[in-house]
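S.K.: This is the structure I have questions about; it appears just below.
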Protein chains: 2
Amino acid sequence: MTLINETHDPALRSWVDSANRPGHDFPIQNLPFASFRRRDRDDAWRGGVAIGDAIVDLAALARAHPFEGLAAEALAAAAQPRLNALMALGPAHWSALRLALSRALREGSAARGTVEPCLVPQAEAEYGLPATIGDYTDFYTSIHHATNIGRLFRPDNPLLPNYPWVPIGYHGRSSSIGVSPQAFHRPRGQIKAPDAPAPVLAPSRRLDIELELGVFVGPGNALGEPIPIGQAEQHVFGIVLLNDWSARDIQAWEYQPLGPFLAKNFATTISPWVVTLEALAPYRVPFERPAQDPQPLPYLDDPGNRAHGAFDIRLSIGWQTARMREQGLADHEVAQTSYRHAYWTVAQMVAHHTVNGCNLQPGDLLGTGTLSGPEAQQAAAFIELTQGGKRPLELPGGEQRTFLEDGDTVVLRGWCEAPGAARIGFGACWGTVLPVRT
Amino acid sequence: MTLINETHDPALRSWVDSANRPGHDFPIQNLPFASFRRRDRDDAWRGGVAIGDAIVDLAALARAHPFEGLAAEALAAAAQPRLNALMALGPAHWSALRLALSRALREGSAARGTVEPCLVPQAEAEYGLPATIGDYTDFYTSIHHATNIGRLFRPDNPLLPNYPWVPIGYHGRSSSIGVSPQAFHRPRGQIKAPDAPAPVLAPSRRLDIELELGVFVGPGNALGEPIPIGQAEQHVFGIVLLNDWSARDIQAWEYQPLGPFLAKNFATTISPWVVTLEALAPYRVPFERPAQDPQPLPYLDDPGNRAHGAFDIRLSIGWQTARMREQGLADHEVAQTSYRHAYWTVAQMVAHHTVNGCNLQPGDLLGTGTLSGPEAQQAAAFIELTQGGKRPLELPGGEQRTFLEDGDTVVLRGWCEAPGAARIGFGACWGTVLPVRT
C-alpha cells in the first residue's frame, strides 16, 4: 500500500503565490476543506479548499465543471453548505478530488483560468461547522493526561486498571460545538468546596482548556455491523484542532458515577479547516506500545496500525489576556506537544467505537481527548500545567494565570513537518471567555 | 394557572368508535403525535395523531385547511416528515392544535366529513422517529435505581454524596435510537471476569433493559442563556417510553472514569407516540422530597414544580421468550412502577441541563433514567429484579431468566389514570434481541 503520491511532492509549487511562502499552513501539499461564506454578505454556505491566503470556492468551481468521474462527483458533494455528503463518499472520491485540485493549482496548470475566478481571500471569509455533527464522542487517548488528571481527582488511584486495555471514551454534546473564533460565556454550575456542607450555584472559577484533535467520520456503518481495524481509516475523512473547554470545579462535583456533563457541554471549539487523512500521510509514525504494557486485543491490533497508525501532529497552546491584547502583545505559547504521544490511534478509536455494533455516521466527530505528552511542558490543559492551580504561569506584561479569566483568549495551533515532506498546518483555533450571564 | 381544560373532560366521546372503548390507550383525551407512513407503500413520512385504532394523517388534513390561526400553523408544522418544526413552536401552538383536533374528533362534530377521509388504520402503519434527535441526554432521576445499582457496582459506596443535590445526567448516543418495534444484535465488547488477569472480547452475557421515559424538547434556548425552572416546562413537548438496553458486563469494565459508553450505545428503543405534556395534566402530582433530604438549590426549586411537577405515569415491563411466542403465550409482566417515584422532575432536568448555558434544541431527547420505585417489585431493570443475576425470574412455560437470551422480547407499557380523569396510555415499546453478529 502506497500512502504517498504525487500530491505530497514537496517540490510542488502553486500559481497562488502565497501558498509557496515558507512556513505557510496551506501550501499545495495540504488542501484542507472547510465550510465558508463571504463575511457581511448574505451568501450561502458552501465548501472551500484552502490554498495559501485564498479559498477555492467549490460551489463556484463546480458550476464550471472542470473535472470528470469521481473527482466531479466529489466536487459536487463538496459544493454543498456542509461537507457531510463529501464525507459520505469515501477515500476513492476524496483522493480523486485532491489529485484534481492539486493538478489544477500547480504552477503552469492549464486550469488556472478556470480556477482563478473561484478564489476568495480568506480575509473576506467566515467559517461554519464543516459538517452537521450528529454525534460527538470524546476519547481519552493520552495516558499522560489520564495519569496527570487522575492524580488530581483520585490521588490514591490515578490510572484505572482498564486504561491499558480500553480506548476510554464517552459521548459529548453536539449542539454547543462552535467553529473558531468562538466566544462563549463563563458557565455557572454547582460547586462544592471540599470542606463545605453543601454545594452552591456559582460561576466556575477553574475554567480550563483541553487541547485535542477532532476526527471527522467519513462513510458510516450500519447499526450492528462493526468496522474492523484494518478498514477503520477508510471511515475517516480528516482532522481538526479541538478545544474541549472544561470547568474543573463543576466537573469535580458532578462527574461520578456517570462522567462529565455540565462541566464540558457549554462550549467546544473546533478549527474550521479539516486536514484530510491523505494530506497527513507523510507524517505518519509507528504506533508504539511500551514493552511493559499489555498489547492491544486483536480487534484493536493490525499491521497497518502498528506500522503507521500514529501521526506526528505538532500542537501548541497560546494564551492572550485582555490586557495583553490591549497592549498589542501576541498570544504567549505555554505548552507544545505532539499527537504521536497518544496511547490509542484513530483506527483504534473507530474499531473500538463500533465493536458493539454502534453506528457511526458521516460528519460525526471523535475527539482524541487531551493530548498531553510525557514531559511537564507538554501538558495540554491548564490544570496539569499549573499542577492543579498551585503553580501559576507567567505571561508577558507581568500577569499570572492558573485558570481562565474573563476576556482571556486561547489559541491552539497544529502543524506537521517531516524529512522529505512539505510543512503543512491546521490554521488556528481561537476561543475567548466572556463574563458569566446573570 | 389552569392546567385542565375542555380537552381533558372525561365525558368526551369521539365519532371514531374504537376511541371510546374502555381501557383504550388512545381516547380523545390523549391525542398523541407520531411520525408514520403506510407500511409496504412508498409513502412519505408525515405527522399523525392517534385516535382509537386509527391515525389522523396530518399531512392529508393540512391539505384540507380545516383550522385557522395558531392551530393551522401547528398543523402545517405537524404535517412534516419529522415533528421538529411542531416541537419548535411552543405551548400556545400545541394547545391550539390539540383543542382544534379535540373538537373535530368529538361526537357530533361538523368537521367529521373533513377529518374522516384522513384516517389511516394503525394496523396499516409503520412508525419513524418522531423527531430528528440532535442530542440525547440520559438522566438518573430515580434514587431507588441509583441506590440499587450503586450497591452492585460499588458495594461500599452505593449512593454518592452528590446525588441529593445534582440531577445527574450524561450524554447518550443519538444515532442508535430506534423506534418500536426494534430488533437489534447482541453487542460484543470487552469483558473482564473479576479473577481474570485480562479482558476478552466476547458477546455480552449480562444484557439488560432500563425502563425509562423519554422527554422531547420543544423550543430550545440560545447558547449561554439558561432556562429558569419556572419556564422549563414551556420547553417540553411531550413524553415517550424509552428502553435503554444495557450490557452490564461491558459497563462494569468500561465505565470508570468517564461513564457508560459501549455498554449502552448499541441500541435505545422509544415508543412511537409522543404524549404531550398538556395531555398529562390530569395526572400531575406534587414533587415531594423526603424531609431528611436536602431541599433543591433555588435554581431547581419553584412553586409550580412543588405543586404539580411530578407525573403519576404507571409503567410496566413484560418479558416474552422465543419459546413463549411459539407457544402463543403473551409477554409476562415482571415489574410495575410509576414515574411519580422519581427524585427529580422534568422541569428540574431542563433547568439543570441549561444552567451552565448549554443549548437545547427542538427534538432533543432527555431520558429520565431507570425508573425503579421504592419496592423490590418496582425495580425497572433486570439487574435489580434478579439481585445482580442471582435470583432468576420464573416465566410462564417453565423458563427462568436473569438476563436476556437471544430471541427474547421486552415490552414496556405506560398509562395514566386519576379520579375524575380519563385513562390514557402510551402504547407499547417493543424490542427483540437478535444473535450477535460475527
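The values are calculated or read from the model by the stated rules, or taken from the named source; none is laboratory data. Predicted model, so just to flag it, every value in this text is computed and none were measured. In this analysis, Cβ positions are derived from the backbone assuming ideal geometry, glycine residues included, and neighbour counts consider all displayed protein chains. Note: accessible area is taken over every heavy atom of the protein model, side chains too, but ligands, DNA and RNA are not part of it. Shrake-Rupley method; radii C 1.70, N 1.55, O 1.52, S 1.80 Å.
S.K.: Can you give me the number of residues within region B:145-158 that are facing another protein chain (nearest Cβ under 10 Å) and open to solvent by 40 Å² or more (accessible area, probe 1.4 Å)?
M.R.: 2
S.K.: Can you name the condition, by its number, that A:THR7 falls short on among (1) at pLDDT 95 or above; (2) open to solvent by 10 Å² or more (accessible area, probe 1.4 Å); (3) polar (S, T, N, Q); (4) over 23 Å from A:ALA428 (Cα atoms)?
M.R.: (2)
S.K.: Right, here's the next one. Which of (1) away from every other protein chain (no Cβ under 14 Å); (2) surrounded by 23 or more Cβ atoms within 10 Å (Cβ to Cβ); (3) among the polar types (S, T, N, Q) is the odd one out, the single condition B:GLN320 does not satisfy?
M.R.: Only one criterion is unmet by B:GLN320, namely (2).
S.K.: How about region B:1-56: which of its residues are part of a strand (DSSP E or B), of a type in the set (Ser, Thr, Tyr) and closer than 21 Å to B:ARG112 by Cα?
M.R.: Filtering region B:1-56 down to residues part of a strand (DSSP E or B) leaves B:14, B:33-38, B:46-51, B:54-56.
Add one more test, that the residue is of a type in the set (Ser, Thr, Tyr), and what stays is B:14, B:35.
B:SER14, the sole residue that qualifies.
S.K.: Out of B:ASP312, B:ASP244, report the one residue that is touching a strand residue (DSSP E or B) at 6+ places or on another chain (Cβ under 7 Å) and surrounded by fewer than 23 Cβ atoms within 10 Å (Cβ to Cβ).
M.R.: B:ASP312
S.K.: With respect to the numbered conditions (1) more than 14 Å from chain B (Cβ to nearest Cβ); (2) in contact with an Asp or Glu (Cβ under 6 Å, 6 or more places away or on another chain), which one is the sole condition not fulfilled by A:THR268?
M.R.: If we test A:THR268 against (1) more than 14 Å from chain B (Cβ to nearest Cβ); (2) in contact with an Asp or Glu (Cβ under 6 Å, 6 or more places away or on another chain), just (1) comes out false.
S.K.: What single numbered condition from (1) closer than 24 Å to A:PRO294 by Cβ; (2) among the β-branched types (Val, Ile, Thr); (3) surrounded by fewer than 24 Cβ atoms within 10 Å (Cβ to Cβ) fails to hold for A:THR386?
M.R.: Of (1) closer than 24 Å to A:PRO294 by Cβ; (2) among the β-branched types (Val, Ile, Thr); (3) surrounded by fewer than 24 Cβ atoms within 10 Å (Cβ to Cβ), only one is false for A:THR386: (1).
S.K.: Take the residues in region A:212-233 that are touching a Leu at 6+ places or on another chain (Cβ under 9 Å) and away from chain B (no Cβ under 13 Å); name whichever of them is surrounded by the most Cβ atoms within 10 Å (Cβ to Cβ).
M.R.: Residue satisfying both the conditions and the ranking: A:GLU212.
S.K.: Report whether or not A:ILE250 is open to solvent by less than 10 Å² (accessible area, probe 1.4 Å) and either at pLDDT below 95 or farther than 21 Å from A:THR345 by Cβ (or both).
M.R.: Against the criterion (open to solvent by less than 10 Å² (accessible area, probe 1.4 Å) and either at pLDDT below 95 or farther than 21 Å from A:THR345 by Cβ (or both)), A:ILE250 qualifies.
S.K.: To continue, here is another question. Among the numbered criteria (1) open to solvent by 20 Å² or more (accessible area, probe 1.4 Å); (2) in contact with a Ser or Thr (Cβ under 9 Å, 6 or more places away or on another chain); (3) within 14 Å of chain A (Cβ to nearest Cβ), which one does B:PRO298 miss?
M.R.: B:PRO298 satisfies all of (1) open to solvent by 20 Å² or more (accessible area, probe 1.4 Å); (2) in contact with a Ser or Thr (Cβ under 9 Å, 6 or more places away or on another chain); (3) within 14 Å of chain A (Cβ to nearest Cβ) except (2).
S.K.: Okay, next question. Test B:PHE403 against the criterion of being touching a residue at least 24 places away in the same chain (Cβ under 8 Å), under 30 Å from A:PRO228 (Cβ atoms) and surrounded by 15 or more Cβ atoms within 10 Å (Cβ to Cβ), and give yes or no.
M.R.: Yes: the conditions hold for B:PHE403.
S.K.: Also, quick follow-up: Could you tell me whether any residue of region A:326-346 is at positive phi, surrounded by 16 or more Cβ atoms within 10 Å (Cβ to Cβ) and either within 14 Å of chain B (Cβ to nearest Cβ) or not basic (Lys, Arg) (or both)?
M.R.: Checking region A:326-346: not a single residue is at positive phi, surrounded by 16 or more Cβ atoms within 10 Å (Cβ to Cβ) and either within 14 Å of chain B (Cβ to nearest Cβ) or not basic (Lys, Arg) (or both).
S.K.: Same structure, new question: So which residues in region A:164-211 are part of a loop (DSSP other than H, G, I, E, B), within 7 Å of chain B (Cβ to nearest Cβ) and open to solvent by less than 40 Å² (accessible area, probe 1.4 Å)?
M.R.: The answer is A:VAL166, A:ILE168, A:GLY172, A:ARG173, A:SER174, A:SER175, A:SER176, A:PRO187, A:ALA198, A:PRO199.
S.K.: Just to be sure, is B:ASP408 acidic (Asp, Glu), in contact (Cβ under 8 Å) with a residue 60 or more places away in the chain and surrounded by 24 or more Cβ atoms within 10 Å (Cβ to Cβ)?
M.R.: no
S.K.: B:ALA379: open to solvent by less than 30 Å² (accessible area, probe 1.4 Å) and farther than 14 Å from B:GLU210 by Cα, yes or no?
M.R.: Taking the combined requirement at face value, the residue does not satisfy it.
S.K.: Considering each residue of region A:26-50, count those that are free of Cβ contacts under 8 Å to residues at least 60 places away in the same chain and of a type in the set (A, V, I, L, M, F, W, C), and give that number.
M.R.: Qualifying residue count, region A:26-50: 2.
S.K.: Determine if region B:347-354 includes at least one residue that is closer than 24 Å to A:PRO203 by Cα and away from every other protein chain (no Cβ under 14 Å).
M.R.: yes
S.K.: Could you list, in sequence order, the residues of region B:253-309 that are among the basic types (Lys, Arg) and touching a Leu at 6+ places or on another chain (Cβ under 7 Å)?
M.R.: Taking region B:253-309 and keeping what is among the basic types (Lys, Arg), we get B:264, B:284, B:289, B:306.
Passing the criteria: only B:ARG284.
S.K.: Let me ask another. Taking the condition of being away from every other protein chain (no Cβ under 12 Å), in contact with a Ser or Thr (Cβ under 7 Å, 6 or more places away or on another chain), open to solvent by less than 10 Å² (accessible area, probe 1.4 Å) and not polar (S, T, N, Q), how many residues in region B:131-144 meet it?
M.R.: Result for region B:131-144: 0.
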